[in-house]
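Worksheet: the structure to be examined is printed underneath.
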């Protein structure tokens with residue numbers, strides 16, 4: 001039986017309990033499976049016609065849909081965020097850039113999801129960056145050249161070496177670095193890049209032989 | 001219009017159980033198997049880990065818009081606990097100057113759906129601490145009284161581990177343990193040099209199938225999400241589901257218990273009243289026997305709220321001990337980075353959900369400035385990235401030269417930074433102590449006279465302060481963690497927590513092992529329950545969660561909750577047969 005078919009069957013049993021024996025189920029899971037993508041974004045935040053994605057409670061689904069429908073960052077702010085995340089994690093020989101991995105959309109969501117933690121530091125930080133840019137180059141951060149952007153970034157990217165007058169910029173950049181790394185490496189692209197090989201049914205039989213040898217270890 | 005008419009159910013059940021977690025699930029399982037007609041009230045929603053509506057297992061972080069962050073669920077979007085330390089409309093309070101955080105899961109199976117599956121038996125010493133160090137009290141029962149139930153539990157539920165012959169860490173009937181991960185092999189080797197024992201964990205996860213109802217572990221590391229193959233222990237799948245199959249169980253979900261009802265003449269329990277959280281109507285369910293297994297906190301709250309002319313201090317509380325002696329495990333932790341693991345080879349090392357090795361207590365408290373021990377849990381390895389990944393790299397990447405031997409300024413950006421994340425991936429380890437506190441009468445929960453929840457039920461107010469024993473124990477943990485990290489060749493991260501932060505000792509309630517609010521004892525003036533977990537004051541009222549615990553050892557409570565619940569169920573069956581109940 002294909003996974004899709006038995007998932008369909010499960011839906012029709014009473015009490016929502018699986019008809020198949022768990023062994024069959026485990027065996028099915030052991031087949032290489034593609035993860036089931038979450039359904040399309042819920043357009044409406046109304047609680048009566050809410051579509052509850054698998055694994056969410058009703059209250060959570062309502063909250064998520066409401067956040068999805070809101071917009072926090074302005075178009076200009078999103079442009080600035082996109083430029084910044086790609087400065088922090090650019091494309092290289094192994095994988096694409098942060099924006100290609102969808103990091104700006106993640107930052108937009110997490111700001112709405114954890115407003116007291118992120119909204120003001122991010123909005124204020126972006127303003128700080130623009131005012132710094134205008135002060136130096138008479139244009140906002142989006143409007144200046146890539147070389148000029150790096151000139152500012154160099155002043156705020158190294159917490160231990162930064163001049164005291166840039167301390168607020170340093171805090172903002174560190175926050176952006178954290179959010180960018182988290183957003184990138186938890187994306188499909190980033191997980192492939194980092195080389196995480198799990199999240200699939202398998203039989204764990206210990207550390208590979210060559211790795212044991214590399215570290216001079218053994219199973220007694 | 002709000003209709004406050006109480007709806008009576010005409011059925012009189014043999015047993016009404018409040019709560020469907022480890023204790024309630026076990027009682028339901030044992031009693032329905034024996035033929036009793038049982039009703040279980042569960043405050044939360046239905047939950048079956050194999051129901052696609054509930055499954056989060058094998059989902060990827062990017063299937064969550066917050067990448068699995070713990071915004072709405074404290075342990076993250078994929079964790080199988082619907083609830084947390086704060087639940088809207090269900091408050092609790094704390095007395096000024098004291099702390100307690102109370103974790104509740106509102107779902108069938110309760111907190112067993114997401115728990116760590118660490119299934120340690122209490123040892124012989126754990127039942128008689130007062131005889132050893134003069135603090136707290138001895139249990140009215142000993143290891144030999146509970147051992148037969150631990151044995152049955154091991155076979156029925158399944159647990160892996162190794163026979164070690166350690167006196168106060170009794171061996172069980174074990175399935176084979178999973179092999180150690182790389183950092184766990186390293187820890188075993190370096191801890192050995194320090195004389196710190198590091199042995200295979202004892203987790204209730206099926207490394208081999210044990211029956212036709214449950215599958216075998218497929219090593220995804222996600223027990224916290226609850227297993228759709230039923231390969232780990234959750235009360236929902238392992239106890240409630242088979243109990244339903246007997247046809248003897250009536251499961252009522254969304255049922256928030258208000259109070260235990262009693263007969264004013266006989267003083268016996270007659271049932272339980274509850275609010276349906278779906279329609280906000282009041283209901284009662286009647287039973288010949290009532291078992292409270294709502295969690296140590298909720299059970300105390302129910303007893304204290306069940307006031308009547310005959311029981312003015314609350315039910316079963318003629319001693320005034322209900323709510324007293326609440327205690328949670330101590331907890332403190334530290335993490336580190338191991339340069340030897342930089343740029344390590346990638347392979348799937350998910351393993352089971354949790355650590356494959358742990359450190360049981362090895363010290364001699366007679367030579368230390370704290371009375372009770374702790375065990376150490378470890379984490380590390382090439383885990384699935386999620387929210388929080390890479391956070392704080394500016395505190396690390398300036399401290400270690402690159403592959404080319406260049407020391408960079410900390411922080412940074414660009415291709416070189418991107419490469420740092422790859423280099424450090426899988427090189428982190430962490431460890432956490434989980435220790436035994438001294439149960440104190442001065443630590444307690446009571447009914448807050450001024451506050452009710454959204455159902456109009458008076459809420460708990462906690463009074464809890466750590467004593468010097470717990471603080472000194474946390475100091476010892478921190479010193480030990482530094483030794484372990486140093487011997488492992490690691491660099492400890494962050495500042496070592498000092499006296500100003502109680503050595504990193506977590507606030508009470510944070511470890512989610514609260515026990516002791518209706519303790520057992522032979523003296524009805526000093527305890528709530530007798531040695532069968534039967535109320536001294538009300539013979540058809542029993543408690544089957546962690547409330548009866550006299551102390552909690554440095555062992556996680558669940559295995560003992562279930563063994564005691566099994567033992568209490570057997571006692572009930574025998575007493576009914578003898579017509580004593």
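Results, tabulated for the structure shown:
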quantity: Number of the exception - residue B:388 against (1) on the phi < 0 side of the Ramachandran plot; (2) in contact (Cβ under 8 Å) with a residue 40 or more places away in the chain; (3) within 14 Å of chain A (Cβ to nearest Cβ); calculated: (1)
quantity: Verdict on residue B:570 being surrounded by fewer than 17 Cβ atoms within 10 Å (Cβ to Cβ) and either in contact with a helix residue (DSSP H, G or I) (Cβ under 8 Å, 6 or more places away or on another chain) or in a helix (DSSP H, G or I) (or both); calculated: no
quantity: Residue within segment A:39-52 that is part of a loop (DSSP other than H, G, I, E, B), out of contact with any strand residue (DSSP E or B) (no Cβ under 6 Å at 6 or more places or on another chain) and at pLDDT 95 or above present; calculated: no
quantity: Residue in segment A:194-206 that is more than 9 Å from chain B (Cβ to nearest Cβ), out of contact with any helix residue (DSSP H, G or I) (no Cβ under 6 Å at 6 or more places or on another chain) and surrounded by fewer than 20 Cβ atoms within 10 Å (Cβ to Cβ) present; calculated: no
quantity: Matching strands (runs of 3 or more DSSP E) fully within segment B:233-333 where at least 3 residues are under 25 Å from the mean Cα position of the chain (by Cα) and crowded, with 20+ Cβ neighbours inside 10 Å; calculated: B:255-262, B:282-292
quantity: Only listed residue being in contact (Cβ under 8 Å) with a residue 60 or more places away in the chain, outside any helix (DSSP H, G or I) and surrounded by 17 or more Cβ atoms within 10 Å (Cβ to Cβ), chosen from B:496, B:510; calculated: B:510
quantity: Residues located in segment B:43-61, provided they are in contact with a strand residue (DSSP E or B) (Cβ under 6 Å, 6 or more places away or on another chain) and either within 7 Å of another protein chain (Cβ to nearest Cβ) or surrounded by fewer than 20 Cβ atoms within 10 Å (Cβ to Cβ) (or both); calculated: B:45
quantity: Filtered residues of segment B:334-354 (kept if within 8 Å of chain A (Cβ to nearest Cβ), part of a loop (DSSP other than H, G, I, E, B) and more than 32 Å from the chain's Cα centre (by Cα)); calculated: B:344, B:345, B:346
quantity: Total residues in segment A:149-174, condition more than 28 Å from the chain's Cα centre (by Cα) and more than 14 Å from chain B (Cβ to nearest Cβ); calculated: 2
quantity: Subset of segment B:367-385 that is in contact (Cβ under 8 Å) with a residue 12 or more places away in the chain and not in a loop (DSSP other than H, G, I, E, B) - its residue that is nearest to the other protein chains (Cβ to nearest Cβ); calculated: B:380
quantity: Among the candidates B:104, B:94, B:73, residue that is within 12 Å of chain A (Cβ to nearest Cβ) and surrounded by 19 or more Cβ atoms within 10 Å (Cβ to Cβ); calculated: B:73
quantity: Qualifying residue in segment A:65-81 (condition: facing chain B (nearest Cβ under 9 Å), free of Cβ contacts under 8 Å to residues at least 24 places away in the same chain, surrounded by fewer than 19 Cβ atoms within 10 Å (Cβ to Cβ) and outside any loop (DSSP other than H, G, I, E, B)); calculated: no
quantity: Odd one out for residue B:403 among (1) within 30 Å of residue B:389 (Cα to Cα); (2) in a loop (DSSP other than H, G, I, E, B); (3) in contact with a helix residue (DSSP H, G or I) (Cβ under 7 Å, 6 or more places away or on another chain); calculated: (3)
quantity: Output for segment B:196-209, where each listed residue is within 23 Å of residue B:428 (Cβ to Cβ) and free of Cβ contacts under 8 Å to residues at least 40 places away in the same chain; calculated: none
quantity: Identity of the residue in segment B:199-209, in a loop (DSSP other than H, G, I, E, B) and within 13 Å of chain A (Cβ to nearest Cβ), that ends up nearest to the chain's Cα centre (by Cα); calculated: B:206
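Condition check ((1) within 14 Å of chain A (Cβ to nearest Cβ); (2) in contact (Cβ under 8 Å) with a residue 60 or more places away in the chain; (3) surrounded by 22 or more Cβ atoms within 10 Å (Cβ to Cβ)) across all residues:
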{"residue": "B:155", "(1), (2), (3)": "no, no, no"}
{"residue": "B:166", "(1), (2), (3)": "no, yes, no"}
{"residue": "B:170", "(1), (2), (3)": "no, no, no"}
{"residue": "B:179", "(1), (2), (3)": "yes, yes, no"}
{"residue": "B:190", "(1), (2), (3)": "yes, yes, no"}
{"residue": "B:194", "(1), (2), (3)": "no, yes, no"}
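The values are calculated or read from the model by the stated rules, or taken from the named source; none is laboratory data. Worth saying up front: this structure is predicted, and the values here are computed from it rather than measured. Heads up, the Cβs are rebuilt from the backbone with ideal geometry, glycines too, and the neighbour counts pull from every protein chain shown.
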